[in-house]
Amino acid sequence: MPFHPRRQNTPQQFASQLREGHYNELRVALYFMLRGEHVRIGYNGQSYDIHVISSHQTAYSVEVKWDKAAARTGNLYFEIENTRHRRPSGIAATAADIWCHVIGSGDEALLVSVARMRALLKSRAFRRVHTAGEDSNSQGLLVPRRWLAQQTGITWIELPTVEDFFGELFRK
């Protein structure tokens, strides 16, 4: 049997990643809901994951990305280019106002304005990497978490689980 590099996105893996990604989007939405904000997740025609309307009637959009490896490596991966189509992607292309980078198992996330994150990514020469896998088409920047923790304009949050959210509602 010939050797084949690990496929990054078999149909089964893609479906599993999609389910896990939707769960993380739900956890981010619950975070905003516990703050008293109204949230819509993934409605048609949007180019981001979550639409938030604050208690002050201010609306903003949130792009949610999940970086499983960041907890283990200490580096966050910010996708900047689709190498197959040679066009900006990820943080370089999002139309969202806020970037949410979910870390590791999904208990923690970074929140930052897209404009601030783009400025931070341009402020230094971060290591460029391609994602692994036979069907990979993503290039991004690896940014040390330790460095990000020292920057202004970034908020680190704990994400509630569905059980946490309903428990908090019952307590209120």
| Among the residues of region 74-92, is any in a strand (DSSP E or B), of a type outside the set (Phe, Trp, Tyr) and within 14 Å of Ala29 (Cα to Cα)? | no
| task | Scan Gly45, Gly36, Gly106, Gly133 and give me the residue that is at pLDDT below 95, in contact with a Leu (Cβ under 8 Å, 6 or more places away or on another chain) and not hydrophobic (A, V, I, L, M, F, W, C). | result | Gly106
| said: For region 108-153, give me the residue count where each residue is part of a loop (DSSP other than H, G, I, E, B) and either free of Cβ contacts under 8 Å to residues at least 40 places away in the same chain or over 18 Å from Val62 (Cβ atoms) (or both). | reply: 14
| message | Restricting to region 56-73, name every residue that is in a strand (DSSP E or B) and free of Cβ contacts under 8 Å to residues at least 12 places away in the same chain. | response | Ala59
| query | Where residues in region 158-172 are within 17 Å of Leu111 (Cα to Cα) and surrounded by 14 or more Cβ atoms within 10 Å (Cβ to Cβ), which of them is modelled with the highest pLDDT? | reply | Leu159
| query | Picking from Ala96, Ala71, which residue would you name as being at pLDDT 90 or above, surrounded by 20 or more Cβ atoms within 10 Å (Cβ to Cβ) and under 24 Å from Thr152 (Cβ atoms)? | reply | Ala96
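The values are calculated or read from the model by the stated rules, or taken from the named source; none is laboratory data. Predicted model only: the values in this text are computed from it and were never measured. Positions of Cβ are backbone-derived with ideal geometry, glycine not excepted, and every protein chain shown enters the neighbour counts.
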